[in-house]
Amino acid sequence: MSEAFDDITCKELVELVTAYFEGALDAGDRQRFDAHLEICAGCRTYVEQMRETARLTGRLDPDRLDPELREGLVESFRDWQRRR
Ligand SMILES: [Zn+2]
């Protein structure tokens, strides 16, 4: 995978996820979102959980996500910040 300068980070993906499911992302953001999912297993899991939660509850509610998964994502955000 190329590391384009406009790749989004895990943190940005999480911020965009609601818009993603609502179909509210513009084409560029949508593309970056999908590109990030291809290279990041953690975010794929996150999005799949969001999709499953939305399917089960009929709405999006990040607070219903598996707490361990949320913790894992928070950890990966800390790693990102350390590496920057
Ligand atoms: Zn990610």
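The values are calculated or read from the model by the stated rules, or taken from the named source; none is laboratory data. Because the structure is predicted, anything quoted here is derived from the model rather than measured. When we count neighbours, we look across all protein chains shown, and the Cβ atoms used for this are built from the backbone with ideal geometry, even at glycine. Just the protein is used for accessible areas: all its heavy atoms, side chains included, with ligands, DNA and RNA removed. Shrake-Rupley method; radii C 1.70, N 1.55, O 1.52, S 1.80 Å.
Things worth noting here:
- Of all residues in the stretch 45-65, those being at pLDDT below 80 and within 16 Å of the ligand (Cβ to nearest atom) number 2.
- Filter result (open to solvent by less than 50 Å² (accessible area, probe 1.4 Å) and either among the charged types (D, E, K, R) or under 18 Å from Glu48 (Cβ atoms) (or both)) within the stretch 11-33: Leu13, Val14, Leu16, Val17, Ala19, Tyr20, Leu25, Asp29, Phe33
- Among the candidates Gly28, Gly42, the residue that is more than 16 Å from the ligand (Cβ to nearest atom), modelled with pLDDT of 70 or more and either under 25 Å from Asp6 (Cβ atoms) or of a type outside the set (D, E, K, R) (or both) is uniquely Gly28.
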